[in-house]
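First up is the structure itself, then whatever we jot down about it.
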Amino acid sequence: MGTILTLEHLTYTYSPDTPFEKVALDDIDLSIEAGEFVGVIGHTGSGKSTLIQHMNGLLQPTKGRVLFRGRDIWEDKKKLRQIRFAVGLVFQYPEYQLFEETVEKDIAFGPTNMGLSPDEIKGRVREAASLVGLPEALLKKSPFELSGGQKRRVAIAGVIAMRPQVLILDEPTAGLDPRGREMILRQIKEYHTKMGNTVLLVSHSMDDVARFASRVLVMNRSRVFAYDTPEAVFCRGGELREIGLSVPQMTMVADALRQRGYPLPEGIYTVEQAAQALLLLFRGGDAPC
Amino acid sequence: MLKDITIGQYFPGTSVIHRLDPRMKIVLTIVYVVLLFLVENLAGFVLSVVFVLAAYLIARIPVKMIAKSIKPILPILLFTMLLNLFFVRGTVIWQWGVLEITREGVRLSVLMVIRILCLIAGTSLLTYTTSPMTLTDGIERLLKPLGKVHFPVHELAMMMTIALRFIPTLVEETEKIMAAQKARGADMETGSLIHRAKALVPILIPLFLSAFRRAEELALAMECRCYHGGKGRTRMKQMHLAPRDLWALLLTAAALAAVIVCNIFFGSLYG
Amino acid sequence: MRPLIDIEHVTFSYPQENGQGIEVLHDITLQIPAGEFVAVLGHNGSGKSTIAKHMNAILLPMGGKVYFSGLDTAEEENLLPIRRQIGMVFQNPDNQIVSTIVEEDVAFALENLGIAPEKIRERVDEALRAVDMYHYRLHAPHQLSGGQKQRIAIAGVLAMHPRCIVLDEPTAMLDPKGRQEVMRVLHELHRQYHTTVVLITHFMEEAVQAERVVVMDDGKILLDDTPRAVFVQIDRLKAVGLDVPQVTELAAVLRAAGVNIPAALLTEDECVAALTAALEETDGNHTHA
């Protein structure tokens, strides 16, 4: 499938030449392959929010380039809106952007801006609603009558309805209860499997990233700290803890046992993996290393 | 970012003027404005200019800041100047068709400009050296006697405080909503005026809803913290007049007196 | 001795437009003695926030009685005496800070109570030190991180010298670092000042740290016990949409496969210790065999 997004020497400075000047991104090089499910982690202030706003051209790099399918997105400013349709970005607490009278109209906002035909828009709204698990009956309701979790799914559907080739979600589960969190994450995973599109999921939860991502991007102090498979990233548990990030609980348990001389394989990060490896030990078999 | 812009252009500092009691600063500013309107001759004008420039020096506020605060009223300033220049009768010194400039016109327009400049410089100095919060406190306490005649002094001050507190939050929120709608292809920069006005709807509705939600939550939080209006309320920060406040008052009063004396001895430029 | 918070057979419903209410609390009885650290766990809509708002007379019961420190919350003249003894902290840190200067915000409640200025100063400084925010006393709230703002909100109620602090999902909008900061402050208050803490949350990591966990579901109390006794009931918790710690889950999986380890494991350390002990035993058996 090839590379879909490339960042070359990307640097971004907030409020340059003022006392508030702050380098938010410092010489970032990164290529994202089409079809990946990328988990993005890092502290508040590590640059991850600034990074994703460059991917759809909401922010313009101070230095460096952003390439979408090999083309500089700032080459032709008139085409910038096309990039925003191709790289869909769901912000934190996206339910606060809802404004239409009905759920249907709100989801249709993006597709309408794309200039699609009414029939096409209708089809896309239905498709997006079903992808996020919103029942048809809700489409005619006001978005403000819905529960918190439902509102959030309406907002996500509003971006999915543009059929972006890349879907970026900034902490889509923030503030939800465990049930709401689980529902959203599962739907995103399903969307990824069904559509085969590229997904970037920004999250504070190592456990969520570990469960879903095929690649993990770790940001630290305006730079890329790691971009690799979850196994490879969580193997660097010590370093992650040094930069103040946690590792999945299962990785911590496995690391501690390994330190005590039990031959557990590296790269354990889910309960199933840990249970499997431990059962092998308990049954006396030699665990593969 | 937008939220880094401070409201009321406050310049933090530790100069004597910064440390003056805000009530005194408000009173002194009023005295200075009165002084400006009393000035009638050259000596008085020199005095008022020197007075305000000295205050800027003491407060360590760059004098070029005056230029900055003049900018928004520049059209009015020019208009007043031209009006005085062309329409005051007297000794004609230049003529072109029906337009004529008189000696008196030049004199008056120059004096008018100086007066307005001093006015802006003086009142700006108040906001440069006093944080909006302190200023609100100062106003509240100055107006306190009005509470006796059921003027809602405390309520007004509380509203001011909350507005100051939430402006940065709402500005930040507006930026966020704008970015979110742009990500859905909202186009706010091109098109006709009507198109652009329409494009504001997706920003204003979420913003208002959010402001209402915040107001409701804030009211609840204030109630939980035993807020029950201004009655029986005390304040942590007390305002005390220090010797420096009295010196400042004396100095300004002296300037006012000097202007009056000048008026008596040197006569009026306005004939 | 009478419990500090005494909730007796409380029912409550929010009024609806059609005149009929939806009952959100069904006959709740709950006693919280002074000095306890209680976590109230439940998904959104379980009634946990509603019960919290009954504790300081923001809401009044429709049936039953609520007493705080022996004072009936339904009596008008008890309102201020109750509210000065019970501090309330809410989810959104931005929407509970009143002033543009940190220290003035902390002074807000004391000013409302008409306390003498010198006394206010003393208590504000003390409260700011208790939440480790003294250095930020002259900052503007919008310059602070979420966790710092929430600590300011805690200092604001702490300055009243309350006997009890009720926190309604104080960490839901925070990042992991902010969450840790808030939890550390709460434990410190509980330890040093023996303040009663009622923590409403849907994060099980936080509930694990409490002395007692009350699980709510559908307006009723489902479980009320020590964290250990509550979290072993994995199936019941999952059925009401709550999480259990991964280590507890791991223990359950291993036990189901016949490994002899305790079920009530709550932290990584406990889990590692239990696994080490069990593995040593197995090793011993293998050697003997």
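The values are calculated or read from the model by the stated rules, or taken from the named source; none is laboratory data. In this text the structure is predicted, and so the values were computed from the model without any measurement. Heads up, the Cβs are rebuilt from the backbone with ideal geometry, glycines too, and the neighbour counts pull from every protein chain shown. Ligands, DNA and RNA are stripped out before the accessible areas are found, and what is left, the full protein with its side chains, is counted by its heavy atoms. Shrake-Rupley method; radii C 1.70, N 1.55, O 1.52, S 1.80 Å.
Would you please name the residue that is farthest from the other protein chains (Cβ to nearest Cβ), looking only at residues in segment B:177-198 that are in a helix (DSSP H, G or I) and surrounded by 17 or more Cβ atoms within 10 Å (Cβ to Cβ)?
In this case the residue turns out to be B:MET178.
Please verify whether B:ARG213 is over 29 Å from the mean Cα position of the chain (by Cα) and not in a loop (DSSP other than H, G, I, E, B), treating the condition exactly as stated.
Values: over 29 Å from the mean Cα position of the chain (by Cα): yes; not in a loop (DSSP other than H, G, I, E, B): yes.
Taking the combined requirement at face value, the residue satisfies it.
Here is a list: A:VAL216, A:VAL224. Which entry is touching a Pro at 6+ places or on another chain (Cβ under 9 Å), assigned by TED's automatic domain parsing to the domain that holds A:PRO178 and over 26 Å from C:LEU265 (Cβ atoms)? So that I can check it myself, show each step before the final result.
Values: A:VAL224 fails: touching a Pro at 6+ places or on another chain (Cβ under 9 Å).
Sole residue among the options that is touching a Pro at 6+ places or on another chain (Cβ under 9 Å), assigned by TED's automatic domain parsing to the domain that holds A:PRO178 and over 26 Å from C:LEU265 (Cβ atoms): A:VAL216.
Got a sec? Which helices (runs of 4 or more DSSP H) wholly within segment C:206-289 have at least 3 residues that are within 30 Å of C:VAL10 (Cβ to Cβ) and modelled with pLDDT of 90 or more?
On the way: elements: C:227-231, C:234-239, C:246-256, C:268-288.
Once the helices (runs of 4 or more DSSP H) in segment C:206-289 are filtered for at least 3 residues that are within 30 Å of C:VAL10 (Cβ to Cβ) and modelled with pLDDT of 90 or more, what remains is C:227-231, C:234-239.
Just to confirm my filter: which strands (runs of 3 or more DSSP E) fall fully inside segment A:29-95 and include at least 1 residues that are within 13 Å of chain B (Cβ to nearest Cβ)? If you could, list the steps in order and put the result at the bottom.
Values: elements: A:37-41, A:63-68, A:87-90.
Filter on segment A:29-95 gives A:87-90.
Looking only at segment C:73-95, filter to residues that are within 26 Å of C:ALA172 (Cβ to Cβ), out of contact with any strand residue (DSSP E or B) (no Cβ under 6 Å at 6 or more places or on another chain) and assigned to a helix (DSSP H, G or I); which one of those is farthest from the other protein chains (Cβ to nearest Cβ)?
Selected residue: C:PRO93.
Which ones in segment A:234-289 are at pLDDT below 85, within 8 Å of chain C (Cβ to nearest Cβ) and within 20 Å of C:ASN260 (Cα to Cα)?
If the condition is that a residue be at pLDDT below 85, within 8 Å of chain C (Cβ to nearest Cβ) and within 20 Å of C:ASN260 (Cα to Cα), then A:GLY284 is the only one that fits.
Please verify whether A:GLU266 is in a loop (DSSP other than H, G, I, E, B), under 29 Å from C:ASP175 (Cβ atoms) and either of a type in the set (Asp, Glu) or in contact with a Cys (Cβ under 6 Å, 6 or more places away or on another chain) (or both), treating the condition exactly as stated. Break it down stepwise before answering.
Values: in a loop (DSSP other than H, G, I, E, B): yes; under 29 Å from C:ASP175 (Cβ atoms): yes; either of a type in the set (Asp, Glu) or in contact with a Cys (Cβ under 6 Å, 6 or more places away or on another chain) (or both): yes.
Taking the combined requirement at face value, the residue satisfies it.
All but one of (1) touching a residue at least 24 places away in the same chain (Cβ under 8 Å); (2) closer than 30 Å to C:GLU76 by Cβ; (3) within 14 Å of chain A (Cβ to nearest Cβ) hold for B:GLY230, so report the exception by its number.
Going through the list (1) touching a residue at least 24 places away in the same chain (Cβ under 8 Å); (2) closer than 30 Å to C:GLU76 by Cβ; (3) within 14 Å of chain A (Cβ to nearest Cβ), B:GLY230 breaks only (3).
State the number of residues belonging to segment A:152-205 that are in a helix (DSSP H, G or I) and either surrounded by fewer than 20 Cβ atoms within 10 Å (Cβ to Cβ) or not basic (Lys, Arg) (or both). Steps first, answer last, please.
If we filter segment A:152-205 for residues that are in a helix (DSSP H, G or I), which is where we start, we get A:152-160, A:178-195.
Cutting the leftovers down to either surrounded by fewer than 20 Cβ atoms within 10 Å (Cβ to Cβ) or not basic (Lys, Arg) (or both) gives us A:154-160, A:178-180, A:182-195.
Of the residues in that region, 24 qualify.
Given C:ALA207, C:ALA252, C:ALA256, which one is among the hydrophobic types (A, V, I, L, M, F, W, C), more than 21 Å from the chain's Cα centre (by Cα) and within 26 Å of A:THR173 (Cβ to Cβ)?
On the way: C:ALA207 fails: more than 21 Å from the chain's Cα centre (by Cα); C:ALA256 fails: within 26 Å of A:THR173 (Cβ to Cβ).
Selected residue: C:ALA252, the only one of C:ALA207, C:ALA252, C:ALA256 that is among the hydrophobic types (A, V, I, L, M, F, W, C), more than 21 Å from the chain's Cα centre (by Cα) and within 26 Å of A:THR173 (Cβ to Cβ).
Within segment B:216-224, is there a residue that is in contact with a Ser or Thr (Cβ under 8 Å, 6 or more places away or on another chain), away from chain A (no Cβ under 14 Å) and open to solvent by less than 70 Å² (accessible area, probe 1.4 Å)?
Here is the first cut: in segment B:216-224, the ones in contact with a Ser or Thr (Cβ under 8 Å, 6 or more places away or on another chain) are none.
No.
Yes or no: segment C:175-185 includes at least one residue that is within 24 Å of C:LYS48 (Cα to Cα), free of Cβ contacts under 8 Å to residues at least 60 places away in the same chain, over 14 Å from the mean Cα position of the chain (by Cα) and not in a helix (DSSP H, G or I).
Yes - at least one qualifying residue is present in segment C:175-185.
Tally the residues that are farther than 14 Å from A:GLY42 by Cα and touching a Ser or Thr at 6+ places or on another chain (Cβ under 8 Å), restricting the search to segment A:216-229.
Residues in segment A:216-229 being farther than 14 Å from A:GLY42 by Cα and touching a Ser or Thr at 6+ places or on another chain (Cβ under 8 Å): 1 in total.
Restricted to segment C:205-232, and to residues that are of a type outside the set (Val, Ile, Thr), out of contact with any Ser or Thr (no Cβ under 8 Å at 6 or more places or on another chain) and over 26 Å from A:ALA256 (Cβ atoms), which residue is most open to solvent (accessible area, probe 1.4 Å)? Give the steps one after another, and end with the answer.
The first filter runs over segment C:205-232 and keeps only residues of a type outside the set (Val, Ile, Thr), leaving C:205-207, C:209-212, C:216-220, C:222-225, C:227-229, C:231.
From what's left, out of contact with any Ser or Thr (no Cβ under 8 Å at 6 or more places or on another chain): C:205, C:209-210, C:220, C:222-225, C:227-229.
Narrowing the set further to residues that are over 26 Å from A:ALA256 (Cβ atoms) leaves C:220, C:222-225.
On the way: C:LYS220: 102, C:LEU222: 58, C:LEU223: 16, C:ASP224: 71, C:ASP225: 75 Å².
The qualifying residue most open to solvent (accessible area, probe 1.4 Å) is C:LYS220.
May I ask you to list the residues in segment A:159-171 that are in contact with a Leu (Cβ under 8 Å, 6 or more places away or on another chain) and more than 14 Å from chain C (Cβ to nearest Cβ)?
Those that are in contact with a Leu (Cβ under 8 Å, 6 or more places away or on another chain) and more than 14 Å from chain C (Cβ to nearest Cβ): A:VAL159, A:ILE160, A:VAL166, A:LEU167, A:ILE168, A:LEU169.
Only one of (1) surrounded by 19 or more Cβ atoms within 10 Å (Cβ to Cβ); (2) modelled with pLDDT of 90 or more fails for B:LEU164. Which number is that?
Condition not satisfied by B:LEU164: (2).
Pick from segment A:96-147 the residues that are polar (S, T, N, Q) and touching a residue at least 40 places away in the same chain (Cβ under 8 Å): which of them is nearest to the other protein chains (Cβ to nearest Cβ)? Let's see the steps before the verdict.
Of segment A:96-147, the ones polar (S, T, N, Q) are A:97, A:102, A:112-113, A:117, A:130, A:142, A:147.
Filter again for touching a residue at least 40 places away in the same chain (Cβ under 8 Å), leaving A:97, A:102, A:142.
On the way: A:GLN97: 4, A:THR102: 13, A:SER142: 12 Å.
Only one residue fits best here, namely A:GLN97.
Open to solvent by less than 60 Å² (accessible area, probe 1.4 Å), within 12 Å of chain B (Cβ to nearest Cβ) and not β-branched (Val, Ile, Thr): does that describe C:PRO176?
no
Output yes when any residue across segment B:169-178 is over 21 Å from A:ALA161 (Cα atoms), among the hydrophobic types (A, V, I, L, M, F, W, C) and within 30 Å of the chain's Cα centre (by Cα), and no when none is.
Within segment B:169-178 (the criterion being over 21 Å from A:ALA161 (Cα atoms), among the hydrophobic types (A, V, I, L, M, F, W, C) and within 30 Å of the chain's Cα centre (by Cα)), the answer is yes, since at least one residue qualifies.
Taking helices (runs of 4 or more DSSP H) that fall entirely within segment A:210-261, which contain at least 1 residues that are under 29 Å from A:GLU190 (Cβ atoms) and touching an Asp or Glu at 6+ places or on another chain (Cβ under 9 Å)? Reasoning before the result, please.
Details: elements: A:230-234, A:237-242, A:249-259.
By residue number, A:230-234, A:249-259.
Restricting to segment A:117-140, name every residue that is at pLDDT 95 or above and part of a loop (DSSP other than H, G, I, E, B).
Within segment A:117-140, just A:SER117 meets the criteria.
For the condition among the hydroxyl-bearing types (Ser, Thr, Tyr) and at pLDDT 90 or above, what is the one hit in B:SER69, B:SER15? Lay out the reasoning, then the answer.
Details: B:SER69 fails: at pLDDT 90 or above.
So the residue among B:SER69, B:SER15 that is among the hydroxyl-bearing types (Ser, Thr, Tyr) and at pLDDT 90 or above is B:SER15.
Give the number of residues within segment C:155-173 that are open to solvent by less than 10 Å² (accessible area, probe 1.4 Å) and either within 12 Å of chain B (Cβ to nearest Cβ) or part of a loop (DSSP other than H, G, I, E, B) (or both).
Going through segment C:155-173 one residue at a time, the tally reaches 10.
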